[in-house]
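Report on the structure given below.
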Amino acid sequence: MNDFLPIILSILAALVVVGGLVPVLMKARKTGAKYPGTRDANDPVQSSAAGGGTLVEDRPDAVNAPAPTLDGTVEDTDVPDDAAGLETIAIDTPAPVEGRLTRLRARLIKSNNILGKGLLALLSGDKIDENVWDEVEETLLLADLGTEPTMQLVDALRERVKVLGTRSPEDVKAMLREELIKLVDPGMDRSLNVERKGDRPAVVLVVGVNGVGKTTTVGKLARVLVAEDKDVLLGAADTFRAAAAEQLATWGQRVGVPTVKSDIDGADPASVAYEAVKAGIDQEVDVVMVDTAGRLQNKTGLMDELGKVKRVIEKLAEVDEVLLVLDATTGQNGLNQARVFAEVVNITGIVLTKLDGTAKGGIVVAIQKSLGVPVKLIGLGEGPDDLAPFDAESFVDALLN
């Protein structure tokens with residue numbers, strides 16, 4: 001028996017070693033598969049994985065969903081013969097930019113904003129004394145215009161009323177329109193930097209706190225870009241919030257856009273962002289949009305992580321756009337958030353969501369004055385197409401109608 005004991009122990013040791021190598025070999029097999037070159041529309045669908053548990057999803061094998069008619073109904077559409085028997089995902093057809101702008105302006109006009117209507121009521125009275133000017137100032141402050149812009153506007157209005165000596169609603173409205181447009185500053189560059197540069201895609205980093213609709217905004221912006229015939233890839237670098245990656249992937253699937261995400265809870269956000277940009281370069285997309293975590297402004301370590309995300313991305317490609325998403329109804333608190341994020345990353349544009357909040361339209365002016373950064377996009381609702389480019393004159397016209 002003693003003669004067989006060393007042999008038995010050797011066999012057991014060998015089994016232990018082999019058992020330990022099996023998971024390693026399986027993981028290597030999983031993480032070693034990379035997408036074999038540039039992807040075209042007719043390439044076969046396959047799930048490929050990048051290192052560290054980061055999954056690069058392919059565009060779904062999809063059938064375009066029919067666009068709704070003007071009355072909201074959807075016409076029946078035959079499924080192509082070559083799609084029969086395949087598992088398909090209906091891809092939305094995003095509304096054209098012009099249609100979204102018209103709808104959003106109409107909604108803003110209907111909102112009960114006090115910025116425009118309150119000022120018109122005050123300045124159209126028979127008598128404008130110091131009490132009226134005090135009320136004008138209070139109205140502007142309540143609308144989150146900010147102290148400095150408020151004083152600037154009140155002084156300009158005082159001078160014009162004194163010189164013109166008019167009280168007609170038409171004249172007052174024209175005067176208000178001119179002064180408000182000056183404050184909103186139509187000369188600021190509000191275009192999005194989403195054009196490819198040589199062999200590199202445009203990279204858009206989206207930041208903001210939890211609850212402002214950041215991930216939803218990324219999804220909606222993807223729809224906007226797809227409607228402009230851009231090839232888009234999403235990066236789910238918000239690894240702190242449960243289900244954030246799945247939420248983003250769902251938005252991507254709706255418009256046929258792939259999402260790079262991690263299958264590991266609490267994965268390194270910078271690694272996911274890196275893999276997203278790398279996949280965008282390999283697949284020759286036009287735009288890579290990276291969603292980031294939303295609790296960063298409260299914790300120094302997480303703010304440092306945001307800076308790391310940007311630095312890691314820049315090892316592969318320049319970050320062309322850093323969009324800060326703010327909830328317009330938070331008023332001056334949103335301005336404080338903007339200042340904190342501006343210290344960590346170079347913010348290039350603001351996205352204001354929930355701009356139909358009744359009293360907060362003035363935050364547009366306050367943010368631009370404080371940071372020197374333009375509001376580039378606005379959202380006025382929960383619908384998938386309720387995001388549109390910001391236009392200074394249209395915004396002021398909506399406030400005054």
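The values are calculated or read from the model by the stated rules, or taken from the named source; none is laboratory data. All of these numbers come straight from a predicted model, not from anything done at the bench. Ideal geometry is used to build each Cβ from the backbone, glycine not excepted, and the neighbour counts take in all protein chains shown. Surface areas here come from the heavy atoms of the whole protein model, side chains and all, with no ligands, DNA or RNA. Shrake-Rupley method; radii C 1.70, N 1.55, O 1.52, S 1.80 Å.
Looking at region 218-233, which of the residues that are out of contact with any helix residue (DSSP H, G or I) (no Cβ under 8 Å at 6 or more places or on another chain) and open to solvent by less than 10 Å² (accessible area, probe 1.4 Å) is farthest from Val290 (Cα to Cα)? Can you show your working first?
Initial filter on region 218-233 (out of contact with any helix residue (DSSP H, G or I) (no Cβ under 8 Å at 6 or more places or on another chain)): 221, 225-226, 229-231.
Next cut, open to solvent by less than 10 Å² (accessible area, probe 1.4 Å) only: 221, 225.
Details: Leu221: 12, Leu225: 14 Å.
Result: Leu225.
When Leu142, Leu234 are screened for being of a type in the set (A, V, I, L, M, F, W, C) and under 30 Å from Gly280 (Cα atoms), only Leu234 passes. Could you check, for region 230-238, whether at least one of its residues is under 18 Å from the mean Cα position of the chain (by Cα), of a type in the set (D, E, K, R) and within 24 Å of Thr353 (Cα to Cα)? The answer is yes; a qualifying residue exists.
May I ask you to list the residues in region 234-263 that are open to solvent by less than 10 Å² (accessible area, probe 1.4 Å) and either among the charged types (D, E, K, R) or in contact with a His (Cβ under 8 Å, 6 or more places away or on another chain) (or both)? Listed by number, the list holds a single entry, Asp238.
Is it true that Leu323 is modelled with pLDDT under 75 and either under 22 Å from Lys220 (Cβ atoms) or β-branched (Val, Ile, Thr) (or both)?
Working: modelled with pLDDT under 75: no; either under 22 Å from Lys220 (Cβ atoms) or β-branched (Val, Ile, Thr) (or both): yes.
So Leu323 fails the test.
The criterion of at least 3 residues that are touching a residue at least 40 places away in the same chain (Cβ under 8 Å), β-branched (Val, Ile, Thr) and more than 30 Å from Glu314 (Cα to Cα) is met by the following helices (runs of 4 or more DSSP H) wholly inside region 141-257: 169-184. Leu335 is checked against (1) of a type outside the set (D, E, K, R); (2) closer than 22 Å to Phe240 by Cβ; (3) in a helix (DSSP H, G or I) and fails just one. What number does that condition carry? Condition not satisfied by Leu335: (2). Taken over region 167-208, the criterion of being among the basic types (Lys, Arg) and open to solvent by 70 Å² or more (accessible area, probe 1.4 Å) is satisfied by Arg167, Lys173, Arg177, Lys182, Arg196, Lys197, Arg200. Selection within region 123-145: residues that are crowded, with 18+ Cβ neighbours inside 10 Å and under 32 Å from the mean Cα position of the chain (by Cα). The member of this set that is farthest from Lys173 (Cα to Cα) is Asp144.
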